[in-house]
Each structure stands twice: as structure tokens, then as C-alpha cells.
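Worksheet for the structure shown next.
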Amino acid sequence: MASTTCEKTGGNRTRHGVGLAAAIALLAAGLVTPAAAQAQTTGSIFGFPPPATQAPSAGGGHPLMTPQALAEAKANFPQCIAAMWPLAQAKGVSRRTFDRYTGRLEPQMKIMDFMDSQPEFSKPIGAYVNMLVTDWRVKKGREVLERYKAIFDRAEKAYGVDRYAVTAIWGIESTYGDPDGIGSRNVLESVATLACIGRRQDYFRDEFIATLQILEKGDVPYDHMKGSWAGAFGPTQFMPTSFQRFAVDFDGDGKRNVVDSIPDIIASTANNLKLDGWEFGKAWGYEVDLPQGFDYRLANRNVRKSLAEWNALGVRRPGGTAYPRPTETAYLLLPAGANGPAFLMMKNFEAILKYNPADAYALAIGHLADRLRGGGAFSQPWPKEERGLSKAERLEIQGRLAQMGYDIGNVDGILGQKTRIAIQDFQARSGLLPDGYPDVALLQQMRR
């Protein structure tokens with residue numbers, strides 16, 4: 001899902017201290033009592049106002065995701081849509097277009113069930129990558145590369161983006177344009193629902209207006225704008241705001257149609273990666289082996305070293321293959337902890353993360369691109385985990401870390417860099433291997 005999509009990825013999260021969500025998570029975990037939280041209205045150790053009295057339900061206890069809040073927002077849906085007319089008008093949407101496409105909109109409440117079950121965050125990363133990078137996807141992707149070779153040649157020359165990365169996005173986002181992969185939901189109805197209901201209304205208000213702009217210009221026909229529950233559409237799953245920034249008319253018909261035009265699909269996806277920092281001819285990253293006695297606290301995306309420096313620390317590619325550009329800088333990622341594969345990640349990995357800011361997703365894209373190019377499987381197998389952490393368990397880990405005094409950013413169930421660093425410190429203090437990996441065993445240790 002291109003660039004700033006958040007519901008699949010949790011992207012565009014506000015960076016600030018622990019707040020109301022932290023209180024709800026801690027209450028849910030039984031770490032503080034409602035009475036204690038209520039008494040801490042000012043000067044509390046967490047610095048947040050008392051949580052709402054309703055018991056948390058969906059959304060990790062988010063106040064906009066309680067049954068009462070959802071019911072009230074549903075009832076107010078027509079008024080919410082009408083109130084967005086000035087915003088649409090300011091962005092060049094005509095009254096005729098606004099009335100034509102919004103007059104019969106109905107909220108799709110089923111979408112609320114999908115907001116906290118994104119597989120990039122809920123499945124063990126090894127299971128997620130293996131689910132997406134299959135022999136069939138490799139075979140099908142090579143057929144796509146051959147079928148559209150002339151278009152890939154032109155796009156690669158125009159944008160300087162590796163064709164294998166573009167094809168990997170195409171394959172993983174929609175299985176190369178399969179209708180089931182693209183999605184069948186009306187995009188305007190999806191983003192309208194999310195703009196008026198639930199916990200990400202500010203974000204999806206922009207997506208709603210951007211969708212109306214697309215319809216105003218006529219780049220994509222209304223009945224072709226089908227997509228995911230979060231509003232991503234087309235074979236490479238552009239969010240409407242990302243379409244506005246990155247989509248190009250590569251077939252020269254005057255329309256930027258990332259649904260029906262193969263040249264526009266390929267070139268727009270390449271343009272997205274290019275503007276997000278892709279460097280042609282360079283790798284996204286390398287699988288590496290770590291030496292005995294390695295300091296796992298170096299697995300931190302804020303710790304960047306040249307490949308030559310990593311090599312000097314004994315961080316080597318499997319089989320001893322040399323790094324082709326030893327002056328390039330990289331950080332060490334252990335996506336499944338010390339028991340899984342290790343990777344040195346470079347700028348092209350970060351470009352993929354801007355397309356969808358989830359390590360699992362970006363790793364799957366990079367790995368499929370390498371397989372399409374002729375590479376093989378990872379050298380180190382993924383650990384066989386019984387299951388990933390539930391949303392409630394991820395919230396509990398963050399809540400417990402916050403109670404210990406760690407700055408983990410938002411308590412949102414998305415275990416980002418601040419949470420990983422806090423986990424590493426907790427592990428080191430507890431006599432555990434500080435690989436920063438959150439799993440059931442870690443949570444059990446915290447509960448003890």
C-alpha cells in the first residue's frame with residue numbers, strides 16, 4: 001500500500017509521550033486501578049488525564065473505538081460528510097462532483113473489525129514472509145517481467161528504479177493484479193467511513209478529499225475504484241493521497257490510471273520509490289551471519305556503520321561473499337530476534353519502508369525482488385514460533401515498559417524502534433540476550 005497508508009502499517013503515527021492510550025492499556029493489563037488513574041488527573045506519573053469510564057473494547061481501548069462512540073459516529077455520518085464540503089471545495093472539487101458521489105454514501109461498519117488485525121504486525125515475521133514469497137509468486141513474477149519487458153525498460157530508464165522491486169510490490173500487494181488481491185470495496189465509501197468513524201479520522205479525511213479530486217479529474221472511473229478496506233486501490237495499491245503525489249501518465253492518454261493502464265501502474269510505482277529515495281543499482285540489504293559473543297545491543301536502527309566496519313566486527317555475508325560497496329552505511333535488523341535471520345539494511349530498504357512502514361512488508365518485498373532476479377532462499381531459517389503476539393499482548397508489553405519509566409512513544413500495539421530499544425534494556429537488566437525481540441516468553445518474563 002503506497003507510502004502514507006496507515007491502517008495496514010500504522011504509519012504517520014504522532015510522536016509524543018505516553019497519553020490516554022497508555023492509561024487504557026495499563027488499566028486493561030491490570031497494572032493500575034481505575035480509582036488510582038482517576039485520582040491522578042494532574043501531576044500523575046504518566047502525565048495523562050483520567051481515562052474514559054467505558055470499558056475498552058476495540059482499538060486497544062481507544063475512546064473513538066468504543067461501541068458507544070462508534071454508534072454515535074455512525075448516526076452522525078451524513079452530517080460529517082456534509083461538513084467536509086468546504087475542504088473539498090478548497091481542493092478544487094466541484095459541488096456537482098461532491099453531491100454526485102457523496103449523496104448516497106453509507107458507512108461500512110465492518111471496516112472497524114479490520115483496523116487492528118494487520119498481518120504485518122500480528123503474524124510472526126517468518127510466517128508472514130513465507131506466506132508472501134512463494135515459488136508460485138516468483139514464477140508468476142518472472143512471467144510479468146517478460147510480458148511487459150518493453151515497459152519496464154522504459155520505466156527503468158526514466159525513473160532509475162529496479163524493475164524487480166516494482167514487480168515485487170505488484171506481486172505482494174495484489175498477486176499481480178488478481179481481483180481478490182486488489183480488493184472489491186468501493187474506495188470512496190471506505191475512506192468516507194474512516195474519515196467519520198473510528199480512531200484515524202484526521203488521516204482519512206485527507207484520503208476522502210483526495211479520492212474526490214481523482215473523481216473530479218476523471219483519472220480513474222468511479223466504478224473502477226475498488227480496493228482494500230483502507231482505501232488502497234489498483235494492482236500496486238495506491239492510497240488516494242499517494243496517487244496525487246506519485247501517479248504519472250506513462251501511456252500518454254492524458255489520464256493517470258493506476259488501475260487499468262499497465263504503463264501507468266509500472267511507472268507510477270517506480271516514481272513512488274524514486275521520490276522516496278531509491279538508489280539504482282544498489283541492494284536493499286544483505287543477510288548476514290553474526291559471530292559468537294556478538295553484542296546484540298548493536299541491533300538498533302540508530303546504530304549505523306559502514307559495511308567495512310560491520311565486517312571488522314565479524315558481521316559477514318553467508319559463505320563469506322564480500323560486500324560490493326564497503327563504504328555504504330547500514331544498520332543491523334534482527335526481525336525475529338537472535339534465533340532468526342539477521343540483516344544489514346541500507347537506503348533502499350528505507351525507500352520500501354516509506355511505501356509501507358512495516359519491517360515484515362519491506363523484507364518480503366526485498367526478498368521477492370531478489371528471488372525474481374535469480375537469488376535463493378535465506379541462509380538462516382526462521383524460528384518456528386507457535387503464534388505471534390495479539391494486539392492486547394503488544395499493548396501490555398508497551399504498557400508495562402511505560403510503567404517501568406521507558407519512553408516508548410505511543411502505546412498503540414505497534415512495536416517500533418523506541419519499544420525495541422526499551423525491550424533490549426529490559427532484557428539486559430534481566431539477564432536475557434538483548435536482541436530486542438518481543439515474544440510470548442518476553443511477556444511472561446515481564447509478568448514475573
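The numbers here are math on the coordinates, done by the rules we state, and not lab data. Remember, it's a predicted structure, so these values are computed and weren't measured experimentally. FYI the Cβ positions are ideal-geometry reconstructions off the backbone, even for glycines, and counts take in every protein chain you see.
Before moving on, here are some points about what is shown:
- The range 75-224: translational diffusion in µm²/s, Stokes-Einstein, Kirkwood Rh over Cα pairs, 37 °C, 0.692 mPa s: 181 µm²/s
- Within the range 297-445, the percentage of alpha carbon pairs spaced more than 20 angstrom apart rounds to 54%.
- Backbone phi angles across the range 357-373, fed through the Karplus curve with coefficients 6.51, -1.76 and 1.60 (θ = phi - 60°), yield HN-Hα couplings of x, 10, 4, 4, 5, 4, 5, 5, 4, x, 5, 5, 4, 5, 5, 4, 6 Hz in residue order; Gly and Pro are listed as x.
- The relative contact order of the range 296-411 comes to 18 percent, based on Cα pairs under 8 Å that sit 6 or more residues apart.
- Trypsin sites (Lys or Arg not before Pro) within the range 85-179: DSSP coil, no more than 15 neighbouring Cβ in 10 Å: LYS91, ARG104
- Within the range 364-441, GluC sites (Glu not before Pro) in DSSP loop having at most 15 other beta-carbon neighbours inside 10 Å: GLU386
- The range 132-178 and the range 314-341: distance between their alpha carbon centers, rounded to Å: 26 Å
- Computed over the range 350-400, the range of Cα coordinates on each principal axis works out to 44, 28, 12 Å, biggest value leading.
- Shown here for the range 96-171: chymotrypsin sites (Phe, Trp or Tyr not before Pro) in loop regions (DSSP other than H, G, I, E, B) with at most 12 other Cβ atoms within 10 Å, of which there are none.
- Karplus 3J(HN,Hα) series, Hz, for the range 184-194 with 6.51 cos²θ - 1.76 cosθ + 1.60 (x for Gly, Pro): 10, 7, 5, 4, 4, 5, 5, 6, 5, 4, 6
- As a rough footprinting exposure proxy, the listed residues VAL187, VAL144 were ranked by other beta carbons within 10 Å of their own, and the order from fewest upward is VAL144, VAL187.
- At R0 = 51 Å, FRET efficiency that the Cβ-Cβ distance of ALA322 and ALA90 yields, to 0.05: 0.40
- Model label zone, LYS418; criterion: amide N under 15 Å from point 7 Å along Cα-to-beta-carbon; scope the range 425-448: none
- Spatial separation of Cα centroids for the range 346-407 and the range 416-448, in angstrom: 16 Å
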